[in-house]
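Please read the structure below before turning to the comments.
The values are calculated or read from the model by the stated rules, or taken from the named source; none is laboratory data. This is a predicted model, so every value here is computed, not measured. A quick note on method: Cβ atoms are made from the backbone with ideal geometry, for glycine too, and the neighbour counts reach across all protein chains shown. When the accessible area is computed, the model is the full protein with side chains, heavy atoms only, and any ligands, DNA or RNA have been set aside. Shrake-Rupley method; radii C 1.70, N 1.55, O 1.52, S 1.80 Å.
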Amino acid sequence: MTKALLLFALLLSISLQLYCVNHMDLIFMMQGTTAYGNFGAGLAALDFNGDGYDDLAVLQAGWVPDSLITNPPTIMYGRILIYYGGPGFDSVADFIISGTYNSQFAAGAASYIVSLGDVNGDGYDDLSARGYTNYSDILADSHKPYVAAYFGGQNPSTQPGYYKSFPVFMPGETRKLTPWEILIMMGMMISITLIEQTIHIMN
């Protein structure tokens, strides 16, 4: 009994020391505003507005306009919220790219956003996103995956600076990709996805 208590005390001491070594203070939390919103489905860090501070881009894959909210959801437009870094960094989005149709930024497990770096050479970091093209019939040929690049700037546009949709390939089918397509689709392999709808900002 005494040995068991000593072992427990030793393990507790080690765990407390590890906690102290790796402890980070919580600055604040960001939370989604609606149920099933999938806030935090993707994250990216980049200097989107070129002020020298890293900015935080958050994918809210399940977002829809308020007039279309259902529980459980039947459609998902998705949107990208960008929070500018710096001394005034807070949980209020500074720039928002909102989807305008079902599945624009909601591609299930394949949804992603990723920093591309400055791909167009204008001094601002750029952001890539993946989703599906607009469609009226989910089985129609028009329902295709796409990749898009949103170019950063002091007054960025909500419209992509680069956009490319892809046909659905049959098994074994191959096609040569352009350098732009290869660069943007590489983001699919290095994107970060979260199951939770709460983002913890640590220091």
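On the basis of the beta-carbon distance and an R0 of 22 Å, Ala35 and Phe166 show a calculated FRET efficiency of 0.10. The shape of the range 80-133 comes out oblate: with a ≥ b ≥ c from the C-alpha gyration tensor, a/c is at least 1.5 while a/b does not beat b/c. Residue ranking by accessible heavy-atom surface, 1.4 Å probe, largest first, among Thr34, Thr133 comes out as Thr34, Thr133.
Protection proxy ranking for 145-153, 68-76, 55-63, using the average of other Cβ atoms within 10 Å per residue and placing the highest first: 55-63, 145-153, 68-76.
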